[in-house]
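Here's the structure we're looking at; comments come further down.
The values are calculated or read from the model by the stated rules, or taken from the named source; none is laboratory data. Everything quoted here is computed from the prediction, not taken from an experiment. Please note: Cβ atoms are built from the backbone with ideal geometry, for glycine as well, and neighbour counts cover all protein chains shown. Accessible surface areas use protein heavy atoms only, side chains included; no ligands, DNA or RNA. Shrake-Rupley method; radii C 1.70, N 1.55, O 1.52, S 1.80 Å.
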Amino acid sequence: MLAFVKPLPPEMLRRICDPATLPFETTAEVTPTRELIGQPRAARALEFGMGLKSKGYNIFATGEAGTGRSPAIRDFLQARCGTEAVPDDWVYVYNFDTPHRPLPLPLPAGQGKAFQEVMKHLVDGMKLSLLQVLESYSYRQIVRELEEGFDKQRLTLLEPLERKATEQGFRLEEIPSGLIVKPISGNDNHNNNSEDAASEPSPEEQQHQRELQRALQVELQESLRQLRRLERETLERRKDNDREAIDAALSDDFEAARAQYTDQTPILDYLDQVRENLLEQVSGSAVAIEEEGLEEVIDLRRYEVNLFVDNSATEGAPVIVEVNPTYENLFGRFEHETQGMVITTHFTRMKPGALHLANGGYLILESGNFDGKGDTWDSFLQALRSNEIELRAPRSEGPMVATSIWPEPVPLNVKVILLGNSYLYYKLSSSDSDERSLFKVRADFSETMVRDAEHEQAYAAFIARRCQEEELRPFASSAVAKIIEFGSRLADDQEKLSAQFGIIADVVREADYMAGKSGQDIVTADHVVQAIEGRIEREAGDSKSDQEDILRGMLYISTEGCIVGQVNGLVVAHYDEFSFGHPTRITARTYLGEDGVINIERENDMSGPTHSKGVLTLSAYLGGTYAQHQPLSLSASLTIEQYYHRVHGDSASSTELYALLSSLSDIPLKQSIAVTGSVNQHGEIQPIGGVNGKIEGFFDICRARGLTGEQGVMIPVSNVRDLMLREDVIQAVADGQFSIWPVKTIDEGIELLTDVPAGDPDADGNYPEGTIHHAVMKRLREMALELKSFGEESDDDSNKED
């Protein structure tokens, strides 16, 4: 007797969300939420990690991309850290002791910008005061008196020597290196007649002249030494005068600046250093300033302040999200500038990284390519270990920079939330005990949540927030209901909702766009359907191509009639949110031999481990079912025809078994039915993934060829709860044009495919005639006897030859 498997009714093919069950008409009535939706374990882990301030209690948030972890965690933290202290501002200033190592200074939040302005005004005031001093009558009078006094002293030293030299026939001549003694030439002595000028001095006279010149040169050098000493003394007096005058002129400006920071010793020390350095730069430079200009002689840029981290607008502890954790994005960078033909940098051109901006708060870090390797990762771990952020110029193949800067590090106090999948978490935690000690808290984000009234309302609150923050149109309850159904489709489970809120947010935006195109002020269910269909259409390129090849006869798929050893299997391609399926032709050939079941895909290295395991399971089923009282002697080959991709899963194992049973029994299988489901050694059908895409893929082919009412798909009964089929498939089922059969065992499936009973064994393990199992066992016995007989005949022929 046939075990009658009833097709599923339409109401079991999709869990509908009735808009009447939602307690609002539009999302304008719904309070938006910033809470973590459907992630209670992750929320508790985050609360724990936030509260425990001890070193190493950073958080590793595991979960697949698209679950909306990053914005959800950001909102979660912001909602809780608003009462925490706002961290200090950080400024970088010139290091007067070690110029290439700029100094970081902390200031209470908001005072960094004020200090930058104080220094700007101070520098502007210094420029004006300096120019006023240098142009004042009193200053110039003192400078003039110093210069005149030096000139008098110079004359006092040089005039007697110059007279003496003249009397002895010499003169003092100025050359670039100073003064020298030279003989007076004939042209210089007008008292000599031509005859005397022409006469040559005797050797004795020449020797005498040289001795006189040397003696004069010695006296000259002594006078010049005294003159240089006097010049230094004059310069020192002028420098002291400059310093005294400028210090007095700048006193009010500096005292006004100091008065604002009486309780901040580092700032007061810095202002004292600025004052001293300015006096050192200006003292004795008045002439150069007058000739070349103040800013050409004095480096005023060193007194600027680099407002590195500005928390003036921060409320509570900062929450920073870094999606691309490169070295520069984490640790900061140096901007370059060109001076003539030279590329340089300056401490005022330093820019902060995410670690600086999150300092005193929280840093959410997308792992991405940040896979725990390389210099950036090592530098990141070192920063967490040492509690310091050290900004260094990264290794680069770019242009050489003439000016090298190595800033002093900034103390680091940050809680890091690193986002990654479970594989990365276990990889990092097992590779280095030190790495593991830095991320002691794991927050696991699930991809799904229970579908109940609470979470359906949470979906509505999430949509309301998107509408509020992005100024979208309100969603009608019917539109929210469609998105809830879409959430179950994403989860592939009628009893679950997807936590991939990034995708949900995209559907919300696109549905709003559809409403705008139609001139509506409220987003309706039709707009959501249009948005979802549009997303499917944009992603269905490869699937459409496969369907076209099937309909053109390029890929051989039969959807009517019966064929021995051939059955329609189903494959599926998974994308971010959709799965697209299409049928494949699975065939089996059986013949004499003892090779067992040969997996052609495996022989060509196109079978993954799970698929190979599924094929081996078939051999175990055949042995357990048919070889309890007789040997199992056969050779069989299985393949997925015209499929040239690697086969990974075991969802085709039941399909392959049906093809084997058909080939052995010589009973044809219906081609109007497609099959999916894995099988165990006992013939029980096990659940598979992608059931919705697989059903819809076969439905699309059947509909294109014309629905007959005999077509449908067999699925594991355990997959019924996963059904969230398209509405056109459900309508075809309601109209009796297509069917979905849930099966528990191979026996139920083979009966449905053949309209022949599977058969139950008697006490001796024999099956009744007219059943599938009887036909299979009979053929296996025949094959065993034929193989044995063939072996005996071969032995007889061999003996006759001997």
query: So how many residues does region 1-31 have that are within 27 Å of Asp75 (Cβ to Cβ) and open to solvent by less than 50 Å² (accessible area, probe 1.4 Å)?
result: 6
message: Out of everything in region 492-515 that is touching a Gly at 6+ places or on another chain (Cβ under 7 Å) and among the small types (Gly, Ala, Ser), what residue ends up being surrounded by the fewest Cβ atoms within 10 Å (Cβ to Cβ)?
response: Gly502
- line: Given the conditions (1) charged (D, E, K, R); (2) surrounded by 22 or more Cβ atoms within 10 Å (Cβ to Cβ); (3) within 42 Å of the chain's Cα centre (by Cα), every one holds for Glu751 apart from (3)
task: Counting only residues that are at pLDDT 80 or above and of a type outside the set (Gly, Ala, Ser), give me the helices (runs of 4 or more DSSP H) lying completely in region 562-681 with at least 2 of them.
output: 609-626, 653-665
- line: Going through region 308-333 in order, the residues found to be aliphatic (A, V, I, L, M), open to solvent by 40 Å² or more (accessible area, probe 1.4 Å) and more than 18 Å from the chain's Cα centre (by Cα) are Ala313
query: For region 124-159, which residues satisfy the criterion of being open to solvent by less than 60 Å² (accessible area, probe 1.4 Å) and farther than 23 Å from Val282 by Cα?
result: Leu157, Leu158
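Let's see how each residue does on (1) touching a strand residue (DSSP E or B) at 6+ places or on another chain (Cβ under 8 Å); (2) open to solvent by 60 Å² or more (accessible area, probe 1.4 Å):
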position	(1), (2)
Leu46	yes, no
Ser54	no, yes
Trp90	yes, no
Val93	yes, no
Phe96	no, no
Arg101	no, no
Cβ-Cβ under 6 Å pairs, at least 6 apart or on other chains, region 104-133 side in a loop (DSSP other than H, G, I, E, B), far side of a type outside the set (Gly, Ala, Ser): Ala109/Val86; Ala109/Asp89; Ala109/Asn311
- line: Scanning region 445-494 residue by residue, those farther than 26 Å from Asn719 by Cα and either in contact with a strand residue (DSSP E or B) (Cβ under 6 Å, 6 or more places away or on another chain) or acidic (Asp, Glu) (or both) turn out to be Ile463, Glu469, Glu470, Glu471, Arg473, Pro474, Phe475, Ala476, Ala479
Elements of type helices (runs of 4 or more DSSP H) contained in region 334-453, each with 1 or more residues being at pLDDT below 90, under 26 Å from Ser54 (Cβ atoms) and open to solvent by 10 Å² or more (accessible area, probe 1.4 Å): 374-386, 422-431, 433-438
- prompt: Which pairs do you get when a residue that is over 20 Å from Asn241 (Cα atoms), found in region 147-158, comes within reach of a residue that is hydroxyl-bearing (Ser, Thr, Tyr) and open to solvent by less than 80 Å² (accessible area, probe 1.4 Å), reach meaning Cβ atoms under 8 angstrom, with the pair 6+ apart or on two chains?
  reply: Leu157/Ser223; Leu158/Ser223
- prompt: When residues of region 29-63 are filtered for being within 18 Å of Leu472 (Cβ to Cβ), at pLDDT 90 or above and either within 24 Å of the chain's Cα centre (by Cα) or in a loop (DSSP other than H, G, I, E, B) (or both), how many remain?
  reply: 3
field: Among the candidates Gly82, Gly38, residue that is among the small types (Gly, Ala, Ser) and within 23 Å of Asn413 (Cβ to Cβ)
entry: Gly82
query: Is there any pair with a first residue in region 41-62 that is closer than 13 Å to Asn413 by Cα and a second that is open to solvent by less than 20 Å² (accessible area, probe 1.4 Å) and part of a strand (DSSP E or B) whose Cβ atoms are under 6 Å apart and which are 6 or more apart or on different chains, and what are they?
result: Tyr57/Val441; Asn58/Val416; Asn58/Phe439
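Of all residues in region 771-789 being out of contact with any helix residue (DSSP H, G or I) (no Cβ under 6 Å at 6 or more places or on another chain) and open to solvent by 60 Å² or more (accessible area, probe 1.4 Å), which is modelled with the lowest pLDDT? Give the derivation first.
Kept after step one, since they are out of contact with any helix residue (DSSP H, G or I) (no Cβ under 6 Å at 6 or more places or on another chain), are these residues of region 771-789: 771, 773-774, 778, 781-789.
Filter again for open to solvent by 60 Å² or more (accessible area, probe 1.4 Å), leaving 778, 781-782, 785-786, 788.
Values: Lys778: 90, Arg781: 89, Glu782: 86, Leu785: 85, Glu786: 84, Lys788: 79.
Filtering first and then ranking leaves Lys788.
Hand me the list of helices (runs of 4 or more DSSP H) wholly inside region 220-316 holding 3 or more residues that are of a type outside the set (Asp, Glu).
By residue number, 265-282, 286-292.
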query: Out of region 10-28, which residues are farther than 30 Å from Ile715 by Cβ, hydroxyl-bearing (Ser, Thr, Tyr) and assigned to a helix (DSSP H, G or I)?
result: Thr27
- prompt: If a residue has to be open to solvent by 80 Å² or more (accessible area, probe 1.4 Å) and touching a Lys or Arg at 6+ places or on another chain (Cβ under 6 Å) to count, how many in region 56-78 make the cut?
  reply: 0
message: Any residue that is touching a His at 6+ places or on another chain (Cβ under 8 Å), surrounded by fewer than 20 Cβ atoms within 10 Å (Cβ to Cβ) and of a type outside the set (Lys, Arg) - is there at least one of those in region 516-524?
response: yes
task: For region 247-291, enumerate the residues that are within 19 Å of Arg140 (Cβ to Cβ), among the hydrophobic types (A, V, I, L, M, F, W, C) and surrounded by fewer than 17 Cβ atoms within 10 Å (Cβ to Cβ).
output: Ala248, Val287, Ala288
query: Taking region 717-729 on its own, how many of its residues are touching a residue at least 60 places away in the same chain (Cβ under 8 Å), surrounded by 22 or more Cβ atoms within 10 Å (Cβ to Cβ) and either outside any loop (DSSP other than H, G, I, E, B) or of a type outside the set (A, V, I, L, M, F, W, C) (or both)?
result: 2
message: Can you list residue pairs whose Cβ atoms sit under 8 Å apart, with the first residue in region 239-254 being among the basic types (Lys, Arg) and the second being open to solvent by less than 30 Å² (accessible area, probe 1.4 Å) and at pLDDT below 80? Count only pairs 6 or more apart in sequence or on different chains.
response: Lys239/Ser283; Arg243/Ser283
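Kindly indicate whether Leu36 is without any contact (Cβ under 8 Å) to a residue 60 or more places away in the chain, in contact with an Asp or Glu (Cβ under 9 Å, 6 or more places away or on another chain), open to solvent by 20 Å² or more (accessible area, probe 1.4 Å) and not hydroxyl-bearing (Ser, Thr, Tyr). Walk me through it before giving the result.
Numbers: without any contact (Cβ under 8 Å) to a residue 60 or more places away in the chain: yes; in contact with an Asp or Glu (Cβ under 9 Å, 6 or more places away or on another chain): yes; open to solvent by 20 Å² or more (accessible area, probe 1.4 Å): yes; not hydroxyl-bearing (Ser, Thr, Tyr): yes.
The answer is yes for Leu36.
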